[in-house]
Every structure is written in C-alpha cells, then in structure tokens.
1. Among residues belonging to the range 213-235 that are free of Cβ contacts under 8 Å to residues at least 40 places away in the same chain and among the polar types (S, T, N, Q), point out the one that is nearest to residue 188 (Cα to Cα).
2. Does residue 159 satisfy being among the charged types (D, E, K, R), within 19 Å of residue 212 (Cα to Cα), away from ligand 3 (no atom under 16 Å from the Cβ) and surrounded by fewer than 22 Cβ atoms within 10 Å (Cβ to Cβ)?
3. Restricting to the range 56-71, give me the number of residues that are touching a strand residue (DSSP E or B) at 6+ places or on another chain (Cβ under 9 Å) and either over 25 Å from residue 41 (Cα atoms) or away from ligand 3 (no atom under 14 Å from the Cβ) (or both).
4. Of everything in the range 108-131 that's buried (at least 21 other Cβ atoms within 10 Å of the Cβ) and not in a helix (DSSP H, G or I), which residue is farthest from ligand 2 (Cβ to nearest atom)?
5. Counting only residues that are part of a loop (DSSP other than H, G, I, E, B) and touching a Phe, Trp or Tyr at 6+ places or on another chain (Cβ under 9 Å), which one in the range 41-55 is nearest to ligand 3 (Cβ to nearest atom)?
6. Which numbered condition in (1) surrounded by 15 or more Cβ atoms within 10 Å (Cβ to Cβ); (2) touching a residue at least 24 places away in the same chain (Cβ under 8 Å) is the only one that residue 135 fails?
7. If a residue has to be surrounded by fewer than 15 Cβ atoms within 10 Å (Cβ to Cβ) and either within 14 Å of the chain's Cα centre (by Cα) or closer than 19 Å to residue 35 by Cα (or both) to count, how many in the range 163-180 make the cut?
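The values are calculated or read from the model by the stated rules, or taken from the named source; none is laboratory data. The structure displayed is predicted, hence computed values, not measured ones. Neighbour counts run over all protein chains shown; Cβ positions are idealised from the backbone, glycine included.
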Amino acid sequence: WGKTGHRVTGEIAQDYLTGKAKRALKDLLDGHSLAFVSTFADDIKADRAFSKYSAWHYVNYPLGTSYRDSQKSEYGDIVMAIEECTQKVKDERNSREDRVFHLKMLIHLIGDLHQPMHASRAEDKGGNDIQVQWFGEGSNLHRVWDKNLIESYGMTYTELADELSKVDRKQRKKIQEGTIYDWVDESHAICAELYDSVEIGDQLGYRYSYDYNDLLFQQLQRGGLRLAKVLNNLFA
Ligand code: ADE
Ligand code: ZN
Ligand code: ZN
C-alpha cells in the first residue's frame, strides 16, 4: 500500500489492542501511534543501507499454487520477514533498537500482506509491468492497488478507519481466524482475479473504482483487524 493504506491499517488495529499490547507498544514506539509508524518501512527504502529489506514487502509465486509449496526466494519474502520480525520483537534479549526496528517493519508488512498485488506473480513484478491508464493518466496495476484506488474515494485515513472499524465481535473474530500462511494465499487468490479483470492499456476510472470498492475496503479491514491480532499475541 501507499501511505493511506498503511495508516488505515494501523488506525483500525489501534482500536482492537489489548491493554497489555497497548502498554508494550506505547513503550517501544515512544508513544507514537500505529498509523504514524506504519510507513517507516517505505521511508527507509531510499537509503541504500537498507536495500536488503526491499524484498520483504511482497512475495511472488505461481498463480493457483500455495505459498507453502512454492520455491522460496534467497532474498526473503514478506512471509519470512513477518516471522523474523515476530521473533526479533518477542525476544527481550535483543537490543531495544533491534526490537523497535522489527516492530515497525512488522506493522507495515501486515498491511502489505493484504494488498493483493503484494502476494502476486514474478512475471510482471506484481503488476508493476501491467501499464494501464487511471482517469487518463499513466499508471500500472500495482500502483492502482497501492494508491490510485484508495485515493479515488477522497477520504482521509481517519475517515476510512472510522468506517472500517465498525465491526461486531463475531464478525471480527471470523476475520481474525487463520495464520499468515492462510492470509497470504487468500491475497494471492484475489490477486489472480485482479489479473483476469484487466488488460494492458485498459482505461480505468469510475467503473473500476466502483466495482472494486468493497474488495479494497475488505482488504484494508482485514489488514487492520489481523494486525491487532498479531500484536495482541506478540505481547500476550
Ligand atoms: N517487485 C517484484 N514483485 C513485486 C511485488 N509483487 N510487489 C512489489 N514489488 C515487486
Ligand atoms: Zn511496503
Ligand atoms: Zn506496492
């Protein structure tokens, strides 16, 4: 996601943290909100010292297959990164600096895990090579899902989060079921559908924005509620 997607994810999660998780996060994040730190992993991308983390934001494997059965990248991927971050934060023998770094990465990566084009295929770099027009301007399928679509609703991240935080307990528990492995395959299956509905050179605009509104909001909501689950378990 772009900044808005990550902030929405963080802001939704904030509403569903346990007391214990809230206290641990307040300490490690120096009082900053999840939304505030959620974009950290993108902010460090421009710094060459952090280039080894660029493969952490996504995973590519053949459509129609599962992550578990896929050949793993030597550079790591979003699933391996989430596991590493979880371990690093959990182990209190690690330095505070190391734990804080991996916590901020984790908060970002649970968001990206729910951007369907971040659980994608290698051939076109997760849609980056699928050039399309967005309201008459050059874009690509990856960018449409990172930011064009979300921006088309003209809502701030807090407005989006308020809307998507409204979920009853039963619904929330249902959404929070499963593991990282289930969630990555779920995003990957959605990604396959998105490829089917677009061709190179398509003119996307109002129609696409309307048709994919529910799916976009669903992925943001899942990301937020599941981030809360991951953090609650981590600090239980
Ligand atoms: N580069 C290659 N594949 C990618 C993906 N799925 N998402 C983001 N960047 C990528
Ligand atoms: Zn990212
Ligand atoms: Zn992206």
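1. Restricting to residues being free of Cβ contacts under 8 Å to residues at least 40 places away in the same chain and among the polar types (S, T, N, Q), the top hit is 218.
2. On the way: among the charged types (D, E, K, R): yes; within 19 Å of residue 212 (Cα to Cα): yes; away from ligand 3 (no atom under 16 Å from the Cβ): yes; surrounded by fewer than 22 Cβ atoms within 10 Å (Cβ to Cβ): yes.
Here the answer is yes, as residue 159 does meet what is asked.
3. Keep residues of the range 56-71 that are touching a strand residue (DSSP E or B) at 6+ places or on another chain (Cβ under 9 Å), which gives 58-61, 63, 67, 70.
Going one step further and asking which of them are either over 25 Å from residue 41 (Cα atoms) or away from ligand 3 (no atom under 14 Å from the Cβ) (or both), we end up with 61, 63, 67, 70.
So the answer is 4.
4. We begin by selecting, within the range 108-131, every residue buried (at least 21 other Cβ atoms within 10 Å of the Cβ); these are 108-120, 126-127, 130.
Then drop every residue that is not not in a helix (DSSP H, G or I), which leaves 113-115, 119-120, 126-127, 130.
Values: 113: 10, 114: 11, 115: 8, 119: 12, 120: 13, 126: 11, 127: 14, 130: 19 Å.
For the range 108-131, the residue satisfying everything is 130.
5. Quick first cut of the range 41-55, residues part of a loop (DSSP other than H, G, I, E, B) only: 44-47.
Those left that are additionally touching a Phe, Trp or Tyr at 6+ places or on another chain (Cβ under 9 Å): 44-45.
Working: 44: 15, 45: 11 Å.
Only one residue tops the list, namely 45.
6. (1)
7. Total satisfying the criteria: 1.
Here is a yes/no grid of residues against (1) touching a strand residue (DSSP E or B) at 6+ places or on another chain (Cβ under 6 Å); (2) free of Cβ contacts under 8 Å to residues at least 12 places away in the same chain; (3) within 16 Å of ligand 2 (Cβ to nearest atom); (4) of a type in the set (Asp, Glu):
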{"site": "12", "(1), (2), (3), (4)": "no, no, no, no"}
{"site": "18", "(1), (2), (3), (4)": "no, no, no, no"}
{"site": "21", "(1), (2), (3), (4)": "no, no, no, no"}
{"site": "25", "(1), (2), (3), (4)": "no, no, no, no"}
{"site": "30", "(1), (2), (3), (4)": "no, yes, no, yes"}
{"site": "43", "(1), (2), (3), (4)": "no, yes, yes, yes"}
{"site": "48", "(1), (2), (3), (4)": "no, yes, no, no"}
{"site": "52", "(1), (2), (3), (4)": "no, no, yes, no"}
